[in-house]
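A.B. asks: Submitted below is the structure of interest, expressed as structure tokens.
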Amino acid sequence: MTTLTMPQTDPNATDPGLTTPFVSVALPISVDQTFTYALPEAMRGKVWPGQRVVVHFGRGNRTAIGWVVGGLETTDVANVKTVAELVDAEPLLTPDLLDLAFWMSRYYVTPIGQVFDAILPAAVKKNAGFKTVQIVVRSEKAESEVDRILSKQRRVLDRLAESEGTPLGPRELARQAGCTVAVIKSLAEKGLVEIITREVTDFARDLFIELEEPKAIHLNAEQALALQRIKNQIVADKFGVILLQGVTGSGKTEVYLRAIADVVAAGRQAIVLVPEIALTPQTIRRFRERFAQVAILHSDLTDAERHRQWRDIRQGRADVVIGARSAVFAPVQDLGLIVIDEEHENSFKQDTSPRYHARDVAIMRASLVGVPVVLGSATPSLESYQNVRAIGHYQEARLNQRVGGRPLPPVHIIDMRQEAVERKGQHTLSRALEKAIGEAWRKQEQVILFLNRRGFSTHLFCVKCGHVAKCPDCDVGLTYHTKPGVLQCHYCGHQEPPPERCPACSAETINYWGTGTQRVEEEMRQKFPDIRLGRMDADAMRQRGGHASLLSAFRDGEVDVLLGTQMVAKGLDFPNVTVVGVVNADVALSLPDFRANERTFQLITQVAGRTGRGPKGGEVFVQTFQPEHLTIQLAAKHDYEAFAQDELATRKARGYPPFGRLARILVRSQSHQKAHEAIQVLAGRLIEPARIVGVQILGPQACPIAKISRFWRYHILLKAPSAKALLHLWDMARDDLAPPGNIQMAIDVDPQSTL
Ligand code: ADP
Ligand code: ZN
């Protein structure tokens, strides 16, 4: 095992550990402070910041697991308690992660102990997949004294000699030698055997992926230039952000791979963050082909697997870590570079406390360590774009061409209003898209159909009285799912049988409206009975590994049409896909959220990017009821620049990010009245501090989704001119932010959604 004492400044120096009489400890509680404990003599020099300890906390004999964050020479705490035990023999977190945790605690207004808890994977806390066992081994002394030993003890020693290689625990050994455990213990006391504790793993599934010989790739001029820019920053060995804006299929990943190779060659490690759904075997394969030691952290791993990967990273057996959001906390020893692919993705934002954005956390971590960050995207977030253009904080590198000089695919906007007028019956697929699917199939080419809604029908309503089927526990409409034919709430999972009559007026005029992936699937099967179709959405992909096996079937040509939600929209690179259909572009556009346009633009661009990747080219069909909408028009022209300019103007006029910052304070209660009162109280308390720091309070008001899982939801939006203003507000209003009357409260800084 490599040594786990963390180098602080000189990577070759080992830190001696804390020898102070006291330590400060963070505990996973909702109070944002650290606590002082005395460090017993015996533990001095054996404790490092980032290590877990057991301490007494609260009344009686209650204990808690806390994190040592630093040493203290003195304390004025009366009756200071003593650290009871060490949980781990080494610190689990590196020094930069400790600093990062404190930044997160302040920026995301989350108690420090809770931040530590979020940084360490649950699988590590549970010690998943590893257990400690005791095994008995003969000591050297046994060799010389074995002849003078009594018969029972002799049998034990002989048995041990015979079993060379197979570790035996005390019990098993006693059984085999036909004696009691006491005999073994007395041997141990005489020093003839040793009972040692060893950690074993029951880790089974191998993360092996079949590799191919990587093709020799010569970078094109744009790629070479982009790589040079990144390399310069790596050589300068200091913090800096480079936004790599490259159209889909422009070879961004190839650029990352080369930059990472430099970092790895210098003996340092790289972290690559990709959206969960882009973490496909295809992506992993590309990294495994180039680098010998690649650790992978994604949600499809079992706890044991995740723990194993994490240990590999911690103990220096990973040069490259690829993972989703939480991989930003990978405990690498000598970080050299962070890459965030698809940096605009909102899945990088965590939606439980601490509500961090992995891109922003990555940038902060890189700045603490002093290394470069590469942000890659075809459609950068407006925040990142603004950081390049207006502020000049970031450097820019552009890939305007697809590799091999392939053109971006033409995008046809299909006016679904006209389809409805000119065509009988309900069709989710337009004539143009249908025709293109049929033609592609005849030529043995492949198709991707995208719809960001699962289920069959998304609205159920009575034509006579207008009653809408809603979840009893949420302020959300129910979705009809075929197989097994139920209405389902996509927020809380509530299910009920579909009504035969309107529950409000008893008329038999229930109408099923709105299209989900299941309806498209059914229509496809009717219209193209011979086409082999694979559906990829959360319903169809419940099984571990299902996602990977459908993708490999598609890749091998065993599936002709891939239909699905976000899962099919991103990162896939299949040259035989010549038709892409966006079944309904209006879904994202109609969300009551200030990022609705940006999301729509990103989605259309991403989905369109799945075609035209091979010599056969490709075409995109975007179906919409709002064909004149500027966002859709510009997405169809692949005109990111014009979109960004237009959207920035709107944001500026309204003071929304990237002009200033938003934060959201949300309260939840099963009592409608309590939720309402609490938000009023909070708003009242914030008025004065907000005025002083120049932060505007919007609301309070009910959230756009007013109830989820029986909890009523109210919020306040805070509009701040800068991140600094918000930090001032939190500092000033610290005591005012305690939730009134035991109510559930959440603070979301830089919210990605305000529903
Ligand atoms: P992006 O990440 O921008 O979508 P990728 O890096 O995935 O693009 O590249 C798309 C495909 O083109 C991949 O199969 C990759 O191996 C290939 N590729 C990348 N750069 C080149 C190049 N310079 N010459 C030939 N093929 C390339
Ligand atoms: Zn519900």
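A.B. asks: Looking at (1) assigned to a helix (DSSP H, G or I); (2) touching a residue at least 40 places away in the same chain (Cβ under 8 Å); (3) touching a helix residue (DSSP H, G or I) at 6+ places or on another chain (Cβ under 8 Å), which one does residue 663 not meet, given that it meets all the others?
C.D. replies: (1)
Each row is one residue, and each column tells you yes or no for (1) away from ligand 1 (no atom under 14 Å from the Cβ); (2) within 26 Å of the chain's Cα centre (by Cα); (3) not in a helix (DSSP H, G or I).
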{"residue": "216", "(1), (2), (3)": "no, no, yes"}
{"residue": "224", "(1), (2), (3)": "no, no, no"}
{"residue": "229", "(1), (2), (3)": "yes, no, no"}
{"residue": "233", "(1), (2), (3)": "yes, no, no"}
{"residue": "286", "(1), (2), (3)": "no, yes, no"}
{"residue": "296", "(1), (2), (3)": "yes, yes, yes"}
{"residue": "299", "(1), (2), (3)": "yes, yes, yes"}
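A.B. asks: Determine if the stretch 439-454 includes at least one residue that is closer than 20 Å to residue 504 by Cβ and either buried (at least 20 other Cβ atoms within 10 Å of the Cβ) or modelled with pLDDT of 95 or more (or both).
C.D. replies: No; the residues of the stretch 439-454 include none that is closer than 20 Å to residue 504 by Cβ and either buried (at least 20 other Cβ atoms within 10 Å of the Cβ) or modelled with pLDDT of 95 or more (or both).
A.B. asks: May I ask you to list pairs of residues, at least six apart or on different chains, whose Cβ atoms are under 9 Å apart, with the first in the stretch 181-198 being in contact (Cβ under 8 Å) with a residue 60 or more places away in the chain and the second being assigned to a helix (DSSP H, G or I) and among the charged types (D, E, K, R)?
C.D. replies: 195/185
A.B. asks: Does the stretch 428-437 contain any residue that is modelled with pLDDT of 90 or more, among the charged types (D, E, K, R), within 16 Å of ligand 2 (Cβ to nearest atom) and surrounded by fewer than 20 Cβ atoms within 10 Å (Cβ to Cβ)?
C.D. replies: no
A.B. asks: Is it true that some residue in the stretch 258-267 is among the aliphatic types (A, V, I, L, M) and either within 16 Å of ligand 2 (Cβ to nearest atom) or assigned to a strand (DSSP E or B) (or both)?
C.D. replies: Within the stretch 258-267, none of the residues are among the aliphatic types (A, V, I, L, M) and either within 16 Å of ligand 2 (Cβ to nearest atom) or assigned to a strand (DSSP E or B) (or both).
A.B. asks: Have a look at 301, 297, 335 and point out the one that is crowded, with 24+ Cβ neighbours inside 10 Å and either in contact with a helix residue (DSSP H, G or I) (Cβ under 7 Å, 6 or more places away or on another chain) or not polar (S, T, N, Q) (or both).
C.D. replies: Exactly one of 301, 297, 335 is crowded, with 24+ Cβ neighbours inside 10 Å and either in contact with a helix residue (DSSP H, G or I) (Cβ under 7 Å, 6 or more places away or on another chain) or not polar (S, T, N, Q) (or both), namely 297.
A.B. asks: While we're looking at this one, here's another question. So residue 322 ticks every box in (1) modelled with pLDDT under 95; (2) not in a helix (DSSP H, G or I) but one. Which box is left unticked?
C.D. replies: The number of the failed condition is (1).
A.B. asks: Considering each of 478, 533, 487, 551 in turn, give the residue that is within 16 Å of ligand 1 (Cβ to nearest atom) and either loosely packed, with under 15 Cβ neighbours inside 10 Å or not charged (D, E, K, R) (or both).
C.D. replies: One residue alone meets the criteria, 551.
A.B. asks: Next up: Quick one: which of 246, 251 is on the phi < 0 side of the Ramachandran plot, modelled with pLDDT of 90 or more, surrounded by 13 or more Cβ atoms within 10 Å (Cβ to Cβ) and in contact with a strand residue (DSSP E or B) (Cβ under 8 Å, 6 or more places away or on another chain)?
C.D. replies: After ruling out the rest, the residue left standing is 246.
A.B. asks: Taking the stretch 338-355 as the search range and keeping residues that are assigned to a helix (DSSP H, G or I) and surrounded by fewer than 24 Cβ atoms within 10 Å (Cβ to Cβ), which one is nearest to the chain's Cα centre (by Cα)?
C.D. replies: 347
A.B. asks: Something else: Quick check on residue 633: is it touching a Gly at 6+ places or on another chain (Cβ under 8 Å) and of a type outside the set (Gly, Ala, Ser)?
C.D. replies: For residue 633, the condition - touching a Gly at 6+ places or on another chain (Cβ under 8 Å) and of a type outside the set (Gly, Ala, Ser) - is not met.
A.B. asks: Hey, which of the helices (runs of 4 or more DSSP H) in the stretch 356-463, taking only ones fully inside, have at least 1 residues that are polar (S, T, N, Q)?
C.D. replies: Output list reads 358-369, 382-389, 416-422.
A.B. asks: Would you check which residues across the stretch 666-678 are surrounded by fewer than 22 Cβ atoms within 10 Å (Cβ to Cβ) and touching a residue at least 24 places away in the same chain (Cβ under 8 Å) and list them?
C.D. replies: 666, 670, 671, 672, 674, 676, 677
A.B. asks: Would you be able to say whether some residue in the stretch 409-420 is small (Gly, Ala, Ser) and within 16 Å of ligand 1 (Cβ to nearest atom)?
C.D. replies: Within the stretch 409-420, not a single residue is small (Gly, Ala, Ser) and within 16 Å of ligand 1 (Cβ to nearest atom).
The values are calculated or read from the model by the stated rules, or taken from the named source; none is laboratory data. Model, not experiment: these values are computed from the prediction. As a convention, Cβ positions derive from the backbone with ideal geometry for all residues, glycine included, and neighbour counts pool all protein chains shown.
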